[in-house]
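Worksheet: the structure to be examined is printed underneath.
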């Protein structure tokens, strides 16, 4: 009897372990429907993305797979919270998407989103809808090279954002000053956005800011401030802007600075010896 007792006990114990394994919740039905509606509002066009590695991620999005309801948390580009099942990340960059994002887009029903990347698609020069303001939990937003236009004031409520990349979005407006209230910002990238007006000095002094990229905004004016020691700034890219004045000696206080570009701007004088 002793010869059989140990194996049986081990098998029983291991089998009972499965009863206590955590099970990740499935995608919520309303969010699955919202994703499928977003898919149906767009078409796939191989020329809509410039990245050679681009491919149609939405091809994996299916309501039913192998005869059962599909879990959207397993779809390409979708990430869900492992505890709640809500969609928290949507990475559709370089997905060959073509079409317009309208105000009634089901995208804005994904109110638990923390990360949204729609870069390198062709959204047909549609204007950024004010409904982006509904995505109040966003910490990461990348709409670069997406053939979108404008920048609605409703974006100002997205104060949890730490990364914003709107490169090549045709904003064509004054520099949005509400960004100085985004205290969590680490990276602000607005390359070739048609910005004009005065650059707010407070952006240089945001407590967590590391990257400021604003090149190719020919009518964007401003100057470099007196920089404080302890600043986390590591990238300053202001080439081909209308920035002027001298580069202050205090730029040497930026101990983390790794990249500085001011080519074809309106700065005067010489690079300070503190660099």
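Values in this text are rule-based calculations from the coordinates and carry no lab data. Fair warning: this is a prediction, and the values are worked out from it, not measured in the lab. With ideal geometry, Cβ positions are generated from the backbone for all residues, glycine too; neighbour counts draw on all protein chains shown.
What full-extension length gain, to one decimal in nm, is calculated for residue 221 and residue 79 as 0.36 nm per residue of separation minus the Cα-Cα distance?
Once the chain is fully extended between residue 221 and residue 79, it gains 47.1 nm.
Nearest 10 degrees, 0 to 90: what angle lies between the long axis of helix 2-17 and the longest principal axis of the chain (Cα atoms)?
40
Sort 64, 78, 213 so that the residue with the fewest other Cβ atoms within 10 Å of its own Cβ comes first and the one with the most comes last. Intermediate results must be reported in sequence, preceding the final value.
Working: 64 8, 78 23, 213 19.
With the sparsest Cβ surroundings first, the list reads 64, 213, 78.
Take 55, 98 and order them by how many other Cβ atoms sit within 10 Å, fewest up front.
Ordered by Cβ neighbours within 10 Å, fewest first: 55, 98.
Of all DSSP beta bridges in the chain, what percent run antiparallel (nearest 5)?
On the way: 7 of 41 bridges.
In the chain, DSSP labels about 15 percent of beta bridges as antiparallel.
Take the Cα of residue 172, step 7 Å along the line toward its Cβ, and report every residue of region 116-159 whose backbone nitrogen sits under 16 Å from that point.
Under 16 Å, as judged by backbone N against the label point of residue 172, lie 123-129, 146-152 of region 116-159.
Return the whole-Å distance between the Cα centroid of region 92-155 and the Cα centroid of region 167-231.
20
Sum -39500 (n - 2.57) across every DSSP H segment of at least 4 residues in the chain, then divide by the residue count to get the 222 nm mean residue ellipticity, nearest 500.
The helix contribution divided over the chain gives -3500 deg cm²/dmol.
Label point 7 Å out from residue 208 along Cα-to-Cβ: which residues of region 72-110 have amide N under 19 Å?
In region 72-110, the label zone of residue 208 (backbone N under 19 Å from the point 7 Å along Cα→Cβ) covers 88-90.
When DSSP assigns beta bridges and you keep just the ones with both residues in region 67-195, what percent turn out antiparallel, to the nearest 5?
Taking every DSSP beta bridge within region 67-195, about 15 percent pair in antiparallel fashion.
Most mobile of 105, 32, 95 per a Gaussian network model of the chain (Cα springs, under 10 Å)?
Highest fluctuation of the listed residues: 105.
Could you calculate the FRET efficiency of residue 124 with residue 181 from 1/(1 + (r/R0)^6), where r is the beta carbon distance between them and R0 is 30 Å, rounded to 0.05?
0.45
Pull out the extension gain between residue 63 and residue 201, defined as 0.36 nm times the separation in residues minus the alpha carbon to alpha carbon distance; nm, one decimal.
Values: separation 138, 0.36 × 138 = 49.68 nm, distance 4.93 nm.
Here the answer is 44.8 nm.
In the Gaussian network model of the chain, springs joining C-alpha atoms below 10 Å, which of 259, 178, 123 carries the largest mean-square fluctuation?
Looking only at 259, 178, 123, the largest GNM fluctuation is found for 259.
When the convex hull of the Cα atoms of the chain is projected onto a plane and the area is averaged over all directions, what value comes out in nm²?
Result: 21.0 nm².
If neighbour count is taken as other Cβ atoms inside 10 Å, put 184, 126, 167 in order from fewest to most.
So the residues, fewest neighbours to most, are 184, 126, 167.
Which length gain, in nm to one decimal place, applies between residue 41 and residue 270 when the Cα-Cα distance is subtracted from 0.36 nm times their residue separation?
Working it through step by step, the gained length comes to 77.1 nm.
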